[in-house]
Amino acid sequence: MSNAPANNSAPRALLVGLQDADHERKEAESLLEELAELSTNVGMEVVVRHVVRLRERNPRFLLGTGKTEELIQEAKANQCELIVFDDELHPAQQRNWEAASGLTVIDRQEVILDIFAARARTKEARLQVELAQAEYFMPRLRRAWSHLSRQRGGGSTQRGEGETQLQLDQRMVRDRIQRLRADLAIVRKQRDVQRRQRLRVPLPTAAIVGYTNAGKSSLLNALTGAHALSVDKLFATLDPMTRRRKLPSGRIFLITDTVGFVRRLPHRLVEAFKATLEEALVADFLIHVVDASSEEAAAHHATTMSVLRELGADKARILTVLNKIDRVDDPLRVAELRAQFPEAMFVSAHTGMGLDDLLAKIDDWVAQEATPVAMLIPHSRYDLINKLHQAGAVHREQARDEGVYIEGLLPQRLLEAAKAYILSEPAHELYAAELAAGGAVA
């Protein structure tokens with residue numbers, strides 16, 4: 001099938017991007033450039049790229065027969081083993097292309113699935129990817145067995161011809177999908193238990209979200225001293241990582257890095273990764289990281305917001321952070337970004353620029369979720385006092401005969417547990433007034 005030189009182990013690929021009436025050519029070229037990076041990351045050698053203007057979708061090949069033949073001849077002339085479409089191919093279209101070309105023909109979804117499969121580390125992520133792959137390949141099994149006509153079965157206790165190999169494989173894949181879903185349900189229950197245990201510690205939480213390769217892991221590392229994988233690759237890490245950070249006020253908060261988003265992310269992957277992305281749903285607020293150095297910053301921002309809407313997480317408070325600002329040398333481009341994202345923080349996880357301001361902003365947001373209170377807690381409730389200290393909620397503390405007197409900012413998560421010990425006037429109002437005047441926080 002391959003005419004590639006023997007000394008070249010990477011399969012050679014021709015990439016096909018599509019421009020239809022709903023998209024400008026510049027956007028199609030940008031998407032094709034992204035597909036080229038995805039394809040390279042999965043081990044291909046990209047040798048030819050084409051953006052094809054699509055006036056109407058051909059049900060047989062997606063493209064017209066003339067353009068189809070032209071691309072097949074060019075792929076063979078360049079000794080390509082693969083033709084990769086940026087648009088989704090239906091299973092029948094994929095079979096038709098392979099029959100006409102004698103080459104392997106895949107689409108963007110399959111490339112992304114391959115990357116996810118190679119980089120998933122936790123049991124949950126591996127199960128999620130395997131489920132997405134099984135659901136993707138189920139309607140495409142005929143593609144693998146189209147050259148077979150052999151039958152299996154017909155034993156002494158059976159009637160008829162028995163099952164074809166294709167039918168057996170389809171049944172095996174269906175059974176595998178059911179087992180994967182059952183295994184995932186168990187893992188998600190375990191994850192829910194872990195999450196509930198974490199939420200018992202009254203710490204505010206933030207989830208880092210954003211387009212893949214925007215620098216989310218780099219930001220987590222810079223803020224917390226974590227060692228999350230941080231390389232210049234799309235989907236470099238797929239597994240969430242949660243770390244603690246002490247804020248300038250002394251409060252502690254948890255910050256979680258999540259999987260990155262990408263344009264045309266296969267819907268089945270959004271579904272498969274919902275458990276991972278639920279970190280964004282349970283967080284007190286989101287930190288949306290955008291690559292300031294990318295010309296596609298606005299499109300990347302829009303893609304992330306679209307996926308968040310699909311997850312139901314777009315109603316959360318979102319702090320937008322433009323990362324990699326050290327790579328933007330043009331003052332006009334910086335001014336344009338500030339106009340596009342007027343509420344955003346501008347930082348560089350690489351140089352540390354703007355990180356102190358970002359932490360101060362996070363501190364302000366965390367404080368807004370807390371209520372200034374004065375409390376008298378019985379000596380028998382040192383468990384509650386410890387939780388207040390863990391949350392960084394104690395600004396003043398004094399041991400008294402009748403209990404421990406505490407002034408601080410009470411997080412919403414501890415309000416129910418502590419409300420019986422909150423003092424009414426005048427202590428509460430005096431402390432709130434003093435805090436507002438800036439005199440209470442140590």
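Here are the numbers:
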read-out	value
Top-ranked residue in the range 256-293 [being outside any helix (DSSP H, G or I) and open to solvent by 50 Å² or more (accessible area, probe 1.4 Å); ranked as modelled with the highest pLDDT]	284
Members of the range 4-54 found to be closer than 16 Å to residue 296 by Cα, in contact (Cβ under 8 Å) with a residue 60 or more places away in the chain and charged (D, E, K, R), listed by number	27, 34, 37
Filter result (part of a loop (DSSP other than H, G, I, E, B) and either open to solvent by less than 30 Å² (accessible area, probe 1.4 Å) or closer than 25 Å to residue 366 by Cβ (or both)) within the range 305-347	312, 313, 314, 315, 316, 324, 328, 341, 342, 343, 344, 347
Count - residues of the range 352-381 that are open to solvent by 80 Å² or more (accessible area, probe 1.4 Å) and either under 14 Å from residue 245 (Cβ atoms) or of a type in the set (Val, Ile, Thr) (or both)	1
Selection count, the range 315-353, where residues are within 21 Å of residue 204 (Cβ to Cβ) and not hydrophobic (A, V, I, L, M, F, W, C)	4
Residue match in the range 100-108 (condition: more than 25 Å from residue 138 (Cα to Cα) and either within 30 Å of the chain's Cα centre (by Cα) or not acidic (Asp, Glu) (or both))	no
The range 339-364 residues that are at positive phi, paired with ones that are among the β-branched types (Val, Ile, Thr) and not in a loop (DSSP other than H, G, I, E, B) (beta carbon under 8 Å, 6 or more apart)	354/325
Filtered residue count, the range 384-398, keeping only those that are open to solvent by less than 80 Å² (accessible area, probe 1.4 Å), modelled with pLDDT of 80 or more and in contact with a strand residue (DSSP E or B) (Cβ under 9 Å, 6 or more places away or on another chain)	5
Within the range 162-208, considering residues that are within 27 Å of the chain's Cα centre (by Cα) and outside any helix (DSSP H, G or I), the one modelled with the highest pLDDT	208
In the range 340-379, residue modelled with the lowest pLDDT [restricted to those that are among the hydroxyl-bearing types (Ser, Thr, Tyr) and farther than 15 Å from residue 320 by Cα]	371
Flag if residue 132 is surrounded by 14 or more Cβ atoms within 10 Å (Cβ to Cβ), of a type outside the set (D, E, K, R), assigned to a helix (DSSP H, G or I) and modelled with pLDDT of 90 or more	no
Tally, over the range 400-414, of residues that are open to solvent by 80 Å² or more (accessible area, probe 1.4 Å) and not charged (D, E, K, R)	1
Criterion (of a type in the set (A, V, I, L, M) and in contact with a Ser or Thr (Cβ under 9 Å, 6 or more places away or on another chain)) met by exactly one of 290, 321, 307	290
Qualifying residue in the range 98-107 (condition: closer than 28 Å to residue 302 by Cα, at pLDDT below 95 and of a type outside the set (Val, Ile, Thr))	yes
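The values are calculated or read from the model by the stated rules, or taken from the named source; none is laboratory data. All values reported here derive from a predicted model rather than from experimental measurement. All Cβ positions, even for glycine, are placed from backbone atoms using ideal geometry, and neighbour counts span all protein chains on display. Keep in mind that these areas ignore ligands, DNA and RNA; they rest on the heavy atoms of the full protein, side chains included. Shrake-Rupley method; radii C 1.70, N 1.55, O 1.52, S 1.80 Å.
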